[in-house]
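A short worksheet on the structure shown next.
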Amino acid sequence: LPTCELHKLEEIADLVTSVRLSRIRKESLALTLKNEGYIPKLLQLFQVCESAKDTKGLHLLFDIVRGILYLDKTILFEVMFSDECILDVVGCLEYDPCFAQPGWHRESLTKITKLQEVIPIRDPDLKQKIRQASRAQYIQAIIMPNPSDFEEGFLSILDFFISSRKEEILHGLQKDEGFLPEVLAQLTNESTAGEQRCELMKFFKEFCAFSFMLPEKRDKFLQALAKLRILSTLETLMGMDDLQVRSAATDILSYLVEFSPSMVQEFVMQEARQSENGTQLITEVIELITCSPNPEFGGDNQLMGILYALINPQKMLVTASYLEIFEFLDIFYDRYIRVLTAPLLADTSEEWYEIAQCTLTLHYLVFYFVQFKTLIFLVDNYQTAEILASVLKMLSFCVERHKYHMKNYILKKDLLRRILVLVKSKHKFLALCALRFMRRIIGLKDEFYNRYITLGNLFEPVVNAMLDNRNRYNLLNSALLELFEFIRMQDIKFLIAHIVENFSDALESLKDIHTFQRLKTKYEQEKDQQNKKLN
């Protein structure tokens, strides 16, 4: 190595960058840097250059320090991430020649180190490992090049260094029996300041995320969380006003749903049996989807995934019998479905008129006439449309998975009529969701549903949408055509007869669309066959 002097910096930079493609030379250079105590000497030169405002020297030191980090050797990381060296190392990385102004890495790293102390940690060795891991992660973030610039596995030793430190930290924290109870107690304590709770939540989320990534320790960790009633804690945290706390709690719940769905299912079913009123986990999830005042949080896909998992009978079978599942669905449709459909029912206006209404009993349909309502879509802003689209996706899932309960609910609330009002929405994705809901119902080929649709004249908004959209070639037009084509191909005679007998005049203007002509032909063929049978 050249002697560690200011006038030799350019030579040192050339040497460090030249060994990148040779594994043997990288090994030799790393050993020499360690054995000669070269890195502390370089950092002394950094202090000299910074004091003298020597820009050229600082730029060369940036290249040298980054080049040493790119050697990707644990023996060098232990020196560079030590208390004595770390601030000068990130100080060198502030002077990137590509930028006119230096960065603020030292200030940022100091803040990060402070944030790790959200819970007092008594073991000094554990503290040192936490500091090393946070420093390594920060440096990895600022020196990692564009993936296309380097080969796969670049800085793999640094990745391993970080993950091994995290495993050691995790093991150390889990050994302390009082650690997790203290974290959860502070999170739910009303006297905990908002900022402190937010930082605690970030820490706990990262702690959980890494714990779940270690298969050999995952089961033990889940058992520890179950003993501490983690789901009750998450229920409380998801009901808080702080968006960051709610978001982190949702992330942790999604980890639990992914890695231990049976634990979450069991908790939800037990809670449903025990509690008539009050806040419950499933209610919190639904309200975050439907009632969140923050447009970025409402209708979140992650929350939808959690709710899908919680009410999916197939997943429930892992821990529950068919009878228990049916009991849970009884409770869900008695207490929770109204929370899910509340935005849909709230965003429509009603005007009275008389139509045929049908109610499902256990064995048969009873039809009767009642005064019912014309529905008008009141609110059509983007946020409301997104929330309603999420609700419709969930209801479509229920149509397929909860056939008996959902059928009863749809007929009782005349839900399809309300949903088809949304076909008129200016937001086409919402109109499509409404149409898909009807398509899902028709796809079941259920006689009860078919009679409900025909008696309620529920094809009228669909035909109107077809007429309004006749000259446009878009996704809505394709979905409408596919619906009618499905009815024709599946030969659903009851619906074919209803469409032709009630809407043939309106559909005459769509002669260029073969689907409707074929529907009419099929209807006439069926009628001819019936007449022949009668004769």
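Every number in this text was worked out from the coordinates using simple rules, so none of it is lab data. Here the structure is a predicted model, which means the values were calculated and not measured. Virtual Cβ from ideal backbone geometry, glycine too; neighbours counted across all protein chains shown.
Run lengths n ≥ 4 of DSSP H only: what is the helix-derived mean residue ellipticity at 222 nm for the chain, with -39500 (n - 2.57) per run over all residues, to the nearest 500? Walk me through the intermediate numbers first.
Working: 29 runs with 368 residues, N = 535.
Taken over the chain, the calculation gives -21500 deg cm²/dmol.
Using the Cα centre as the reference, give the magnitude of the dipole from point charges on the C-beta atoms of the chain (Lys, Arg: +1; Asp, Glu: -1; all else neutral), rounded to the nearest 20 debye.
Dipole of the chain, to the nearest 20 debye: 1620 debye.
With +1 assigned to the C-beta of every Lys and Arg and -1 to the C-beta of every Asp and Glu, and no other charges, what is the dipole magnitude of region 1-150 about the Cα centre in debye, to the nearest 20?
Around 360 debye, computed over region 1-150.
Kindly state, to the nearest 0.05, the FRET efficiency for Phe448 paired with Ile119, given R0 = 56 Å and r defined as their beta-carbon distance.
The formula returns an efficiency of 0.45 here.
Please give me, ordered by residue number, the trypsin sites (Lys or Arg not before Pro) of region 472-521 that lie in loop per DSSP and have at most 16 other Cβ atoms within 10 Å. Provide the component values of the computation, followed by the final result.
Numbers: sites: Arg472, Arg488, Lys493, Lys511, Arg518, Lys520; in loops: Arg472, Lys511.
In loop regions of region 472-521 (DSSP not H, G, I, E or B), the sparsely surrounded trypsin sites (Lys or Arg not before Pro) are Arg472, Lys511.
Let me see the P(r) profile for region 457-534: every Cα-Cα distance counted, bins of 5 Å, each bin given as a percent of all pairs.
Using 5 Å bins, I get a P(r) of 3, 15, 27, 27, 15, 7, 3, 2, 1 for region 457-534.
Under a Cβ-only charge scheme (Lys and Arg +1, Asp and Glu -1), can you give me the dipole magnitude of region 177-259 about the Cα centre, in debye to the nearest 20?
In total the dipole reaches around 240 debye.
Using the Cα centre of the chain as origin and beta-carbon charges of +1 (Lys, Arg) and -1 (Asp, Glu), tell me which of Tyr138, Ala506, Leu158 is placed farthest towards the positive end of the dipole.
Going by the charge dipole, the pick is Ala506.
Take the residue pairs Lys205/Lys227; Lys202/Lys227; Lys129/Lys205; Lys26/Lys111; Lys205/Lys403; Lys34/Lys129 and return only those whose Cα atoms are more than 29 Å apart.
Where the Cα-Cα span goes over 29 Å, the pairs concerned are Lys26/Lys111; Lys205/Lys403.
Given the peptides 22-34, 225-237, arrange them by the average over their residues of other C-beta atoms within 10 Å, most packed first.
225-237, 22-34
At q = 0.07 Å⁻¹, what log₁₀ I(q)/I(0) does a Debye calculation on the Cα points of the chain give, no solvent, two decimals?
So the normalised log intensities work out to -0.62.
Find the centroid of the Cα atoms in region 419-435 and in region 36-57, then give the distance between the two in whole Å.
The distance from the Cα centre of region 419-435 to that of region 36-57 comes to 65 Å.
If we count every other residue with Cβ under 9 angstrom of Phe210's Cβ, Lys/Arg +1 and Asp/Glu -1, where does the sum land?
-1
When the Kirkwood radius is taken over all Cα pairs of region 179-249, what Stokes-Einstein diffusion coefficient follows at 10 °C and 1.306 mPa s, in µm²/s?
127
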